[in-house]
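Asker: Sharing a structure with you now.
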Amino acid sequence: MKKILLLLVAVACFSCKNDKSEKTSETAQSQADSTNVEEIEYRQVDSKLIDNDSLWQPFEADLSEFSTEVYEEVKALVFEKSIPEIQQAIDDEKLTYEELAMFYLTRIREYDRENDFSLNSVISLNPNLVKEAREKDEQMNKAANHHPIFGIPVLLKDNINTDGIPTTAGSYALQNNQTEDAFIVKQLKENGALILGKANLSEWANFFCEGCPNGFSTVGGQTLNPYGRKIHDTGGSSSGSGVAVAANFAPVAVGSETSGSILSPSSSNSVVGLKPTIGVLSRGGIVPISSTLDTPGPMTKSVIDNAILLDAMAGVDNADPASTSAGKQDVVYYSDVENAKIEGKRFGAIKSLMEDSLYVRAINDLKKAGAEIVEFEAEEIDLPNFLRLLNLDMKKDLPAYLKNYGGDVAYKNVQDVIDYNAEDSLNRAPYGQALFLGIVNDSATDKEFAAIKDTLKTNGTRFFDKPMKEHNLDAVLSINNYHAGYAAVAKYPAITIPMGYTKESRPMGLTMIGKPFTEGQLLKFAYAFEKATKRRKTPENYDE
């Protein structure tokens, strides 16, 4: 297992750089955390591009009318609440969608930038948010049987194309990348969601610089963890999405994952994150790393909200081959989740992880809820040429994005971006661009590339399928993003749920990995665990 964890570290560092230590026990993790209780010294924290005056100018008049008294009244109905609870308050005429939008704008302005509690989790805001929220209030009674996402503000990772808001991937090079909506954004809007704005991220989804911290982008600055600001890692690359949801800057957010980039920041910020089966959600209009492995996914405070957000984005995108191959899933993801039970379900626990006391406690919680736990030795399996897969995909996928989905930007490929950054590397690439350089220096024949993908998928699938078949398992249990690389290449879905905190208040997640297209089942398992444990806590200093 030591070999597997070391390999995972190598894999995860390219798209999410969390969980680098192979120590997994609470004691060992606490020892690791204790060496980092002093503040991390980042090369750059604040954004050099975001102008707060310009960011807030569209909202000044409305925010001046939103009094402290009204904020407190709305907070009682909204703070740490689920989407069904918020919608009930609106149905009961205790709350409006406009007030809901104003609440999150107020919190972002109060906490997110240029103060002692700043987290730098939001890059940009939808300037028409308040106007659109008022329209939802007017439409509410006319929209019979509307989707639960109706009127709910959604924060999008800033590699997801959104009309009217630049899609930057955190990069100077794309700061003016004005695009049409990505497919999943169209789905959200058709189901009535409000787009709140864009979340900060690890630049180019953590496939740009080597040794740079999670959560840093030249556009958005350094995202910080609300459970230990400048102490605990945010995880990456969907750092801003996880942080913003954890701190109640948004009710829900969308992230994207290649290998761990939803699971890592979700577990690091004590939220629920789901990495779906490849193709369940369209990738059309999302700045890519790998057309083989990329997928967007929901990041939320609760499992029911995760199911609602997943459902609101789903649909078949004929322009995305993985989406057409997956086809329409005959399931309403949020239906019946709250009646979930796990009696008699069989979960595989990896023996080498049993040193972690939080993992053991989570397993005991599942046993108390009626689940059957089977401990097994994980097979030592390599994932050869994982980095090359990402290199070779990005080399062709970024030009395809720029051609088919990008705005009026002056780049056609990775080399063009490298050349642009080199003109002012101190500002445009303060941590260098080693991974981008690696992309342009890599090449393979079509036959070699196909063999790389086939080997990785075979090996990743074997890692899960062998114990699942031998022990008739419904899911495998992991920690954080420890086995994200295997789930990525196997194209298996995974969900992480808060399972507790180390002595230094570092959040940890229980991760459930299932077979393809079992998202509905995983959501039910996660809901049952969440209901039985209720481990999530609001981060201190962000509860007012």
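Since every read-out is calculated from the coordinates, none of them should be taken as a lab result. All of these numbers come straight from a predicted model, not from anything done at the bench. Quick reminder, even Gly has a Cβ in these numbers, built from the backbone with ideal geometry, and neighbours come from all protein chains shown.
Asker: Take Leu49, project a point 7 Å from its Cα along the Cβ direction, then tell me which residues of region 117-141 have their backbone nitrogen under 15 Å from it.
Answerer: Residues passing the 15 Å test: 121-125.
Asker: Using Cα-Cα distances under 8 Å and only pairs 6 or more residues apart, what relative contact order does the chain have, in percent?
Answerer: Value for the chain: 18 percent.
Asker: As I understand it, the dipole of region 2-533 uses +1 on the Cβ of Lys and Arg and -1 on the Cβ of Asp and Glu, about the Cα centre. Which of Phe249, Gly297, Pro467 lies farthest toward its positive end?
Answerer: Positive-end residue among those listed: Pro467.
Asker: Okay, moving on. Can you give the helix-only mean residue ellipticity at 222 nm for the chain, where every DSSP H stretch with n ≥ 4 adds -39500 (n - 2.57) and the sum goes over all residues, rounded to the nearest 500 deg cm²/dmol?
Answerer: Mean residue ellipticity, 222 nm, calculated: -12000 deg cm²/dmol.
Asker: Taking the Cα centre as origin and putting +1 on Lys and Arg beta-carbons and -1 on Asp and Glu beta-carbons, what dipole magnitude results for the chain, to the nearest 20 debye?
Answerer: Values: 56 positive and 78 negative charges, 362 e Å.
Dipole size: approximately 1740 debye.
Asker: Further, regarding this structure: Compare the Cα positions of Leu125, Ala532, Tyr411 along the charge dipole of the chain (+1 at Cβ of Lys, Arg; -1 at Cβ of Asp, Glu; about the Cα centre) and return the one farthest towards the positive end.
Answerer: Ala532
Asker: Let me ask something else about it. If you count the DSSP beta bridges with both ends in the chain, what percent of them are antiparallel, to the nearest 5?
Answerer: Working: 29 of 45 bridges.
Counting only bridges with both partners in the chain, antiparallel ones make up about 65 percent.
Asker: Filter the GluC sites (Glu not before Pro) in region 84-183 down to the DSSP loop ones having no more than 15 other Cβ atoms within 10 Å, then list what survives.
Answerer: Sparse-neighbourhood loop GluC sites (Glu not before Pro): Glu93, Glu114, Glu180.
Asker: From a point 7 Å beyond the Cα of Val374 in the direction of its Cβ, which residues of region 448-481 have a backbone N at a distance under 13 Å?
Answerer: 464-477
Asker: Would you mind getting me the FRET efficiency between Arg361 and Thr68? Use the beta-carbon distance for r and R0 = 30 Å, nearest 0.05.
Answerer: The computed FRET efficiency comes out at 0.15.
Asker: Students often get this wrong: which residues of region 186-222 have the backbone nitrogen under 17 Å from the point 7 angstrom along Cα-to-C-beta of Asp424?
Answerer: Output list for this probe position: 217-221.
Asker: Then there is this: If we count other beta carbons within 10 Å of each Cβ, what is the order of Trp56, Trp204, fewest first?
Answerer: Trp56, Trp204
Asker: Mind giving me the nanometre distance, one decimal, between the label points for Lys396 and Asp408, set 7 Å out from Cα along Cα→Cβ?
Answerer: If labels sit at Lys396 and Asp408, their model points lie 3.1 nm apart.
Asker: Let me ask something additional. Once you place label points 7 Å from the Cα toward the Cβ at Thr445 and Phe79, how far apart are they in nm?
Answerer: The modelled label-to-label distance comes out at 6.4 nm.
Asker: Could you list, in their original order, any pairs among Lys75/Lys275; Lys186/Lys412; Lys186/Lys275; Lys157/Lys395 whose Cα atoms are separated by more than 28 Å? Show your work: numbers first, answer last.
Answerer: Details: Lys75/Lys275 30 Å; Lys186/Lys412 25 Å; Lys186/Lys275 20 Å; Lys157/Lys395 22 Å.
Result: Lys75/Lys275 exceed 28 Å.
Asker: While we're here: Please get the size of the charge dipole for region 165-273, origin at its Cα centre, with Cβ charges of +1 on Lys and Arg and -1 on Asp and Glu, quoted in debye to the nearest 20.
Answerer: The calculated dipole for region 165-273 is roughly 280 debye.
Asker: Something else: Based only on other Cβ atoms within 10 Å, what is the fewest-to-most ordering of Glu530, Glu41, Glu355?
Answerer: Glu41, Glu355, Glu530
Asker: Separate question: Which one, Pro516, Ser264, Phe66, projects farthest toward the positive side of the charge dipole computed for the chain from Cβ point charges (K/R +1, D/E -1)?
Answerer: Pro516
Asker: Follow-up question, since we're still on this one. If I model a spin label at Trp56 and Asp91 as a point 7 Å from the Cα along the Cα→Cβ vector, what separation in nanometres do I get?
Answerer: Taking the two extended label points, one gets 3.6 nm.
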